[in-house]
Each structure stands twice: as C-alpha cells, then as structure tokens.
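The values are calculated or read from the model by the stated rules, or taken from the named source; none is laboratory data. Quick caveat: nothing in here was measured; it's all calculated off a predicted structure. Glycine also receives a Cβ, built like all others from the backbone with ideal geometry; neighbour counts cover every protein chain displayed.
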Amino acid sequence: MITQVLRKVVLDFKHNGSIFVKYYHCIDVHLNNALYPNMSTNVIAKNKVLVGYFLTKQYASKKCEIPVYQKMHTSLFNAPLYHENYILLPNINSINYYPTQVNSIRWYSNATPVVLNGANQYYGNGILKSISESLPVECTMDAFKMLHSSTQLPWWATIILATIISRTLVSLPLTIFHSQIKAKIENLQPEIVKIMKKLNMETRMACERFGWSGSYAAKSYKISLKREMSDLFNRKNCHPGKIYVSTILQIPLWVSFSVALRNFCNMLPNRDAVAFQDYLEFANGGFGWIKNLTDVDHLFILPIFFGLSGLATLEIQTMLSYKKEAKYHRYLLAFYRAVTICLVPIIAYVPSGLGLFWTVSNFYTIFQIMLVQSPKFRRLVRIPKTESELQHPYTELYKKVKHKLHLQ
C-alpha cells in the first residue's frame with residue numbers, strides 16, 4: 001500500500017482559553033481511496049487519527065500541539081473534535097488556528113500509522129540501531145516503565161529515582177570494590193619495596209658471579225620482579241587490573257540508560273501505539289522550566305548544571321587524592337576538563353530526559369566520592385585502613401576549596 005504524507009502544518013487549538021493542545025510530532029494519514037471532502041468524517045467523526053492523540057482524558061486539558069496536514073485542515077475544522085465518544089470541541093466557531101509548515105511531501109510504503117521525527121536521519125541499520133534494539137536496552141526500558149507504573153511518579157521523577165537506584169545497586173558496589181583493591185595495593189608497598197631490594201641484590205651478585213651484561217641483568221630483573229609481584233598480588237587477591245573493572249562494568253549501564261531514554265523520546269525502536277503512548281507521557285512528564293522531556297532545554301540550565309557538576313567531580317577527586325600530582329596527571333586532568341566542557345553543547349542538543357539522566361548521574365558521582373572518603377563508611381564496607389587515609393576528609397576538602405578560590 002502506498003501512503004502519501006502530505007505537507008504537514010502545526011495547529012494551535014484554543015477553546016475558550018482553557019484547552020491548548022500541543023504535541024510536536026504527527027501521525028501519518030493513510031489514504032485508502034479517501035476523498036478530501038470526506039476527510040472530516042474519516043478522520044474526526046470515526047476517530048481514525050485524533051484518537052491517537054487523546055489516549056486518556058487527562059491529556060485533554062494539558063498543553064499539546066496537534067500536527068495535521070495542509071490539504072485537510074479546512075475539512076478538519078468543519079467537524080467536532082472527538083476523544084473516543086467524548087466531544088472536546090463542538091464546532092469551528094471556538095477554534096483559532098495558526099498553521100506553520102513543518103516538512104515537504106514525501107512518499108512511504110507502509111501499512112500502519114507512523115510517527116516521523118528528526119531521529120530518522122540517525123536511525124539506520126548500523127551500530128546505533130543494533131544497540132537500540134538490543135536486549136539490555138529493552139530490559140532497561142521495561143524497568144523504567146515498571147518503576148513509573150508502580151510509583152505513579154511523573155517521568156522526570158522516575159528518571160531521577162531510576163538513576164539513584166541503579167547507581168546505588170551497581171556503581172556504588174563497584175566503587176567500593178575499586179577502593180578495596182587500591183587500599184590493599186597501598187598496604188603492600190612496604191613488602192613490594194623489600195622484594196625490589198632483594199631482587200636488586202640478587203641481580204648484582206649474579207652480575208659479579210656470572211659476568212652478566214647490563215642489558216641482560218636489567219631484563220632478568222624485570223622478569224623476576226614481574227613474577228614476584230604477580231605471586232604477591234595473587235596471594236593477597238588484589239591484582240591492579242581489577243581496579244579498572246569498576247569503570248568498565250559501568251559503561252554498559254550508562255549506555256543502556258542513555259539509549260533507553262533516547263528511545264522513549266524518539267519513539268524507537270518500534271513506532272507503534274505503545275511507543276506513542278510512552279512518547280506522549282514523556283512529552284507531558286517534565287517539571288519546572290522543562291515541560292517536555294522529549295524537547296531540548298531551551299534555557300540551557302541542564303547543560304550548565306552538567307558541566308559544573310562534571311568539573312566539580314574532577315576537582316574533588318584531585319583534592320582528595322593522596323598522591324603527589326605528577327606532570328602526566330596534570331595533562332590528564334586538563335584533558336578531562338576539556339572533554340567535560342565539550343560535552344556541554346552536546347547536552348544542549350539532546351532531549352531533556354536524557355540530559356536529566358546525565359546531570360543527575362554527575363551529582364550522584366560527587367555524592368559517591370564523598371561517601372567513600374568517610375572513614376566510618378570505609379570501615380563499614382571493609383575497605384582496609386591505609387596511611388594516606390584522611391581522618392577528616394570533609395574538613396580537608398573545605399580547606400582546599402577555600403585555598404583554591406583564594407578565600408584564605
């Protein structure tokens with residue numbers, strides 16, 4: 001069946017100043033030998049299209065925007081506006097409309113209504129499509145829906161709650177594990193120094209006894225040191241490679257959450273009635289200055305919060321670090337700062353629901369860093385005590401912040 005998508009227009013419906021309907025995407029009208037003079041009967045009275053925009057009566061009084069088609073909007077206004085069998089607007093006399101062209105004529109071959117938006121140009125048959133349709137992303141979307149339906153929270157609160165729960169159940173234990181490994185390795189430093197001294201002595205004796213060359217002695221020393229260190233780390237169950245586990249295992253969580261929220265905001269991966277219902281809820285599930293979670297933050301507040309929280313995370317980690325700052329560390333810190341700043345304009349162009357997740361995740365990271373620095377919490381989760389552990393980390397952080405800001 002060939003479907004013609006006519007030139008779309010955005011119409012603002014007003015009824016006595018009380019009903020203002022505002023949605024940002026449209027449903028394709030599938031014409032099957034339908035004449036334009038009969039469009040009002042086919043579309044309005046028989047609820048062929050507009051029923052999709054009013055799935056529940058609660059949306060009737062909320063802000064939305066109904067996109068319809070330029071060649072049919074005149075006929076549309078000659079009939080009542082229905083929600084199921086309930087008449088929202090009885091006649092044309094109470095309607096003011098202001099058309100704005102959205103896109104040009106295109107042709108599609110389809111058998112069911114489709115919602116088109118800007119995500120189409122990025123959603124093809126590549127890696128992004130595979131990730132979007134993957135099982136982890138599907139499970140994440142189902143978890144979002146279950147949490148939303150069970151708590152009855154608006155979607156903005158559901159996103160925040162889901163972020164906190166996931167970070168607490170996944171990221172926090174991994175961070176504790178990371179801190180345990182680092183503490184064990186630090187406590188092994190005296191033993192490591194003894195091993196290095198012993199191997200140095202044995203290497204010098206071998207050079208004198210067997211006449212080893214300098215290059216052969218250095219190679220033999222490195223092999224022996226690697227073997228001794230590996231045995232030591234295996235005995236203490238603290239191999240340095242485990243330090244990177246916490247970072248690597250958090251990547252799938254971050255990707256799954258990001259792609260799941262992107263799917264909600266763009267009606268992906270399947271553009272069906274369920275996806276459209278989720279999209280409508282996201283479009284009306286905002287808060288404060290963000291009324292529509294599928295739209296960008298026009299006030300640029302979320303991107304600014306994201307950037308500030310990301311930079312604060314880097315600075316707090318540096319201030320609470322017990323190691324003397326090396327030259328390469330300064331370069332690495334500068335690189336991370338640049339990456340964080342470069343992400344700010346990207347946040348400005350993604351849906352607010354996705355930007356909200358990234359920003360809340362940054363703030364949770366700050367909380368997580370502060371929590372793991374607490375001596376009481378470290379003893380509670382069995383992180384070994386070390387010589388470099390700060391007894392009063394928050395006081396030390398306060399002093400360093402004042403010093404950095406030249407307040408003392």
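Matching residues to (1) farther than 18 Å from V372 by Cβ; (2) buried (at least 18 other Cβ atoms within 10 Å of the Cβ); (3) within 38 Å of the chain's Cα centre (by Cα); (4) without any contact (Cβ under 8 Å) to a residue 24 or more places away in the chain:
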position: S166; (1), (2), (3), (4): no, yes, yes, no
position: P173; (1), (2), (3), (4): no, no, yes, yes
position: H178; (1), (2), (3), (4): no, yes, yes, no
position: M196; (1), (2), (3), (4): yes, no, no, no
position: N200; (1), (2), (3), (4): yes, no, no, yes
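Going residue by residue through the range 251-259, is there one that turns out to be β-branched (V, I, T) and at pLDDT below 90? So that I can check it myself, show each step before the final result.
Of the residues in the range 251-259, the ones β-branched (V, I, T) are 251, 255, 259.
Add one more test, that the residue is at pLDDT below 90, and what stays is none.
No, the range 251-259 contains no residue that is β-branched (V, I, T) and at pLDDT below 90.
The single residue among V381, V350 that is buried (at least 18 other Cβ atoms within 10 Å of the Cβ), touching a residue at least 12 places away in the same chain (Cβ under 8 Å) and not polar (S, T, N, Q) turns out to be V350.
Kindly check whether there is at least one residue in the range 258-281 that is in contact with a helix residue (DSSP H, G or I) (Cβ under 7 Å, 6 or more places away or on another chain) and either free of Cβ contacts under 8 Å to residues at least 60 places away in the same chain or acidic (D, E) (or both). Yes, the range 258-281 has at least one match. Within the range 216-238, residues that are under 19 Å from K184 (Cβ atoms) and among the acidic types (D, E) have Cβ atoms under 9 Å from residues that are outside any loop (DSSP other than H, G, I, E, B) and modelled with pLDDT of 90 or more in these pairs: E228/I192; E228/I195; E228/M196; E228/K198; E228/L199, counting only partners at least 6 apart in sequence or on another chain. Residues that are surrounded by fewer than 17 Cβ atoms within 10 Å (Cβ to Cβ) and either at pLDDT 90 or above or within 26 Å of A283 (Cβ to Cβ) (or both) do occur in the range 357-367, at least one of them.
Note on the range 230-342: enclosed helices (runs of 4 or more DSSP H) holding 1 or more residues that are touching a strand residue (DSSP E or B) at 6+ places or on another chain (Cβ under 8 Å) are 273-283, 301-319.
Residue count for the range 130-161, restricted to those that are touching a Phe, Trp or Tyr at 6+ places or on another chain (Cβ under 6 Å) and not β-branched (V, I, T): 2. Residues in the range 380-394 that are at pLDDT 90 or above, hydroxyl-bearing (S, T, Y) and assigned to a loop (DSSP other than H, G, I, E, B): T386 alone. Filter the range 213-254 down to residues that are among the charged types (D, E, K, R) and closer than 17 Å to P384 by Cβ and give me whichever is surrounded by the most Cβ atoms within 10 Å (Cβ to Cβ). That would be K242.
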